[in-house]
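Heads up, the thing below is written out as C-alpha cells.
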Amino acid sequence: MEKNIIIAGFGGQGVLLCGKILAKIFMLNNKKVTWYPCYGSEMRGGAVNCEIVVSDEEVTSVHKKQTDILLTLNEISFKKLSPNVKKDGIIIANSSMIKNTSLNKAIRLIKAPISDMALSLGNIKTTNIIALGVLSKLFDNIDFSGISNIIKDLFPKEKSMLANLNIEAFMLGCKFKPEAI
Amino acid sequence: MTLDLIKGNIAIAQAAFDAGCNSYFAYPITPQSEIGEYLGAIMPKANRVYVCAESEIASINMCIGSAATGGTPMTSSSSCAISLMQEGLSYACAQELPIVVASVMRAGPGLGNIYPSQADYNQAVKGGGNGDYNIIVLAPGNVQECIDYTHRAFYLAKKYRNPVFILSDGLIGQMMEPAEFTKYPYEDIDNSDWILSGAKGREPRIIRSLSETGEMHHERVKKLFQKYKTIEENEVLYKEYFTDDADIIVVSFGSLSRNVKGAVKKCREQGIKVGAFRPVTLYPFPSKKLYELSKTAKKFIVAEMNMGQMINDVKVAVKGADVDFIGRSAGDWLDIDEIVDCVKESAGGIYANI
C-alpha cells in the first residue's frame with residue numbers, strides 16, 4: 001500500500017528538509033520512498049511543500065491528487081491543501097500559526113502549537129524538526145532511531161551544538177500528546 | 001548495496017562524472033540547473049573542465065570541440081534551450097562525435113512552463129537539425145536509472161561515435177529516491193585512431209561535416225546509416241510488465257510509466273488483463289517487440305505527458321493494430337485513476353461486462 005505525506009509551510013520554515021529527513025528514515029526502514037518538491041517561483045516567505053510517497057513496493061505515482069497525511073505549518077498551505085486530504089486521512093496543523101482550522105469534512109485533525117514549542121526551545125528554526133517529531137507518532141512500524149545520525153550529518157562539527165538542539169527538538173515533538181478526539 | 005536518497009538531476013551529474021566526463025559545458029535553465037551546479041563544484045577540483053557557457057549554442061559547439069580533440073563532453077539543458085542546440089547536434093552526427101546531452105523536459109512550445117512535461121519526445125527522437133541523422137535516446141523512469149543510463153549514454157556515445165540523449169523530465173529531475181552510485185560498468189573505448197591530437201609524425205586528420213561532391217556525401221550518409229542499422233539491431237532496450245497474457249497494453253516512457261504501472265496493478269485487481277510496455281531506448285525504438293506483442297494483444301493505449309508524439313512510432317510498429325491515446329501537455333501528471341478509466345473505456349469493446 002502506498003501512502004503519501006505532504007509537508008507544507010512558508011519558504012524558510014524548513015519543510016523541504018523536514019520531508020527529506022522523513023524520506024531518509026523510510027529508506028533506512030527498507031521502504032521504497034520518493035520525495036518530490038513543488039518547485040518554481042517558490043521562495044522564502046512563499047508557500048512551499050513537498051510530497052513523500054512510501055510503499056513496500058516500488059513507488060508508482062510520486063505526486064498524487066489526494067493526500068493521506070498533511071502536515072501544515074502555516075495558514076495558507078492549510079487552506080490550500082486540506083481539501084485534498086482523504087476522508088480517512090490525517091491533518092497535523094501548526095496551531096501557533098493556523099487560527100482558522102475549519103474543514104469541510106470530518107477529518108482527523110491534530111492541532112499542535114509547533115512554533116510556540118520551537119520558541120520554548122529558544123530557536124524558531126527548530127519548527128520543522130519538532131513537526132517531524134509530532135508526525136513520527138503516526139508511524140507505528142517505523143523506527144526513527146536513525147534520526148540522530150541524520151541530523152548530525154547535516155551540521156559541520158563546529159556546529160554540533162545545533163545538531164544537539166535539533167535532536168532535542170525532535171524529542172520534544174515526539175512527546176507532544178494531542179487532545180483526544 | 002549502499003542506498004542514499006538522491007535527486008534525479010544529481011544522479012545524472014555524479015554518474016557523468018563517474019563515467020569519465022572530463023568537460024561539461026552548459027547554460028543554466030530550470031528544471032535541470034542542479035546538474036551544472038553540482039558539476040561546477042566537483043569538476044574543477046578534479047582538474048576537469050567546467051564552463052558555464054554564454055549560451056546553449058556555445059555549449060553544444062564547445063562539446064563538439066572537446067569531442068573532436070578526444071575529450072568526453074556533456075551538456076545538459078531543457079526544452080526551449082535544447083532547441084538552440086539542434087544545429088550543433090546535426091553537425092556532431094555528421095562529424096561522428098561522441099557527445100552526451102541530458103535533456104530534462106519542461107513544458108512547451110516556446111518558453112512554456114518550468115513544470116515537467118514529456119513534450120520533447122519528437123525533439124529528441126526525430127531531431128530538429130538538418131539532414132539524415134539519428135540520435136540515440138535513453139529515457140530513465142526512476143533515479144537509479146538516471147545513474148545507470150547516464151553510464152550507458154557515455155558508453156554508447158563512444159562506442160558508436162554519435163550523440164546520445166538522456167531524456168529525463170522535471171519530475172525525475174527534481175524528485176529524490178533511494179539509489180546507489182554504482183561503478184561505471186563499461187569498458188574503455190580507444191579513440192586514438194581518429195581524434196585530433198596533434199599531427200606530429202603522422203598524416204593530419206580532418207573532422208568536418210562538409211562533403212566535396214554529392215557522391216562523397218552519399219557515401220558518408222550511407223556509412224552513417226550502416227551504423228544506425230547496427231545500433232537498431234543491438235541497442236534496443238525496453239521493460240515489460242504483465243504483457244504475457246495482456247489483452248490491452250499501455251505504452252508509456254520515462255516517469256509516466258510509474259503511474260501506468262500503478263494503473264495496471266489496479267486494473268488487474270479488477271480482472272482486466274492489462275500490461276505495460278515501456279521503451280527505454282526511444283531511438284532505437286523497440287518496434288519489433290511491439291509488433292510481436294500486437295499479435296496477442298487486442299489493443300494498445302499510448303499514455304504520454306504530451307498531446308501525442310510517441311504514439312506515431314507505436315502506430316508504425318504495430319502495423320494497423322488498434323491504438324488509443326491518453327495524454328495532456330503539462331500540469332498534474334496523468335493520475336493512476338485517469339489511466340484506469342481510459343483502460344476501462346477501451347476494454348468496453350473487449351469485455352462485455354465492464
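Return yes or no: is B:ILE206 within 14 Å of the chain's Cα centre (by Cα) and β-branched (Val, Ile, Thr)? Against the criterion (within 14 Å of the chain's Cα centre (by Cα) and β-branched (Val, Ile, Thr)), B:ILE206 does not qualify. Residue pairs whose Cβ atoms lie under 6 Å apart, separated by 6 or more positions or on different chains, with the first residue in the range B:11-32 and part of a loop (DSSP other than H, G, I, E, B) and the second of a type in the set (A, V, I, L, M, F, W, C), are B:ALA19/B:PHE154; B:CYS21/B:MET74; B:TYR27/B:ALA53; B:ILE29/B:ALA81; B:THR30/B:ILE114; B:PRO31/B:VAL104; B:PRO31/B:ILE114; B:GLN32/B:VAL104. Read through the list (1) in contact with a Lys or Arg (Cβ under 9 Å, 6 or more places away or on another chain); (2) not in a helix (DSSP H, G or I), then give the number of the only condition that B:ASN130 fails. Status for B:ASN130: all satisfied but (1).
Looking across the range B:168-193, the residues that are within 12 Å of chain A (Cβ to nearest Cβ) and in a loop (DSSP other than H, G, I, E, B) come down to B:MET175, B:GLU180. Looking only at the range B:124-155, count how many residues are over 12 Å from the mean Cα position of the chain (by Cα) and among the aliphatic types (A, V, I, L, M). Selection size over the range B:124-155: 2. Just checking, does the range A:57-67 include any residue being in a strand (DSSP E or B) and in contact (Cβ under 8 Å) with a residue 12 or more places away in the chain? Yes, the range A:57-67 has at least one match. There is at least one residue in the range B:34-54 that is more than 27 Å from B:HIS217 (Cβ to Cβ) and touching a residue at least 60 places away in the same chain (Cβ under 8 Å).
Checked against the criteria, B:LEU97 counts as more than 14 Å from chain A (Cβ to nearest Cβ), under 17 Å from B:VAL164 (Cβ atoms), at pLDDT 95 or above and surrounded by 17 or more Cβ atoms within 10 Å (Cβ to Cβ). Where helices (runs of 4 or more DSSP H) fall wholly inside the range A:89-181, the ranges with 2 or more residues that are in contact (Cβ under 8 Å) with a residue 12 or more places away in the chain, in contact with a strand residue (DSSP E or B) (Cβ under 8 Å, 6 or more places away or on another chain) and surrounded by 15 or more Cβ atoms within 10 Å (Cβ to Cβ) are A:114-121, A:127-136.
Restricting attention to the range A:38-57, the residues that are at pLDDT 95 or above and surrounded by fewer than 19 Cβ atoms within 10 Å (Cβ to Cβ) total 3. Restricting the range B:247-282 to residues that are among the basic types (Lys, Arg) and touching a residue at least 40 places away in the same chain (Cβ under 8 Å), the residue that is farthest from A:VAL54 (Cα to Cα) is B:ARG278. In this structure, does B:PHE165 turn out to be crowded, with 23+ Cβ neighbours inside 10 Å and modelled with pLDDT of 95 or more? Against the criterion (crowded, with 23+ Cβ neighbours inside 10 Å and modelled with pLDDT of 95 or more), B:PHE165 qualifies. With respect to the conditions (1) within 26 Å of B:GLY141 (Cβ to Cβ); (2) part of a helix (DSSP H, G or I), B:GLY65 falls short on a single one, namely (1).
This table checks each residue for (1) of a type outside the set (D, E, K, R); (2) assigned to a loop (DSSP other than H, G, I, E, B); (3) more than 24 Å from the chain's Cα centre (by Cα).
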{"site": "B:GLU215", "(1), (2), (3)": "no, no, yes"}
{"site": "B:ARG220", "(1), (2), (3)": "no, no, yes"}
{"site": "B:LYS229", "(1), (2), (3)": "no, no, no"}
{"site": "B:LYS239", "(1), (2), (3)": "no, no, no"}
{"site": "B:VAL260", "(1), (2), (3)": "yes, no, no"}
{"site": "B:LYS266", "(1), (2), (3)": "no, no, yes"}
{"site": "B:ARG278", "(1), (2), (3)": "no, no, no"}
{"site": "B:LEU282", "(1), (2), (3)": "yes, no, no"}
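Kindly list the number of the only condition in (1) assigned to a loop (DSSP other than H, G, I, E, B); (2) buried (at least 17 other Cβ atoms within 10 Å of the Cβ) that fails for B:GLU54. Among (1) assigned to a loop (DSSP other than H, G, I, E, B); (2) buried (at least 17 other Cβ atoms within 10 Å of the Cβ), the lone unmet condition for B:GLU54 is (2).
Scanning the range B:288-311 for residues that are in a helix (DSSP H, G or I) and either farther than 25 Å from B:CYS146 by Cβ or among the β-branched types (Val, Ile, Thr) (or both) yields B:LYS288, B:TYR291, B:GLU292, B:LEU293, B:SER294, B:ILE311.
The values are calculated or read from the model by the stated rules, or taken from the named source; none is laboratory data. Computed from a predicted structure; not experimentally measured. For neighbour counting, all protein chains shown are included, and Cβ atoms are generated from backbone atoms with ideal geometry for every residue, glycine included.
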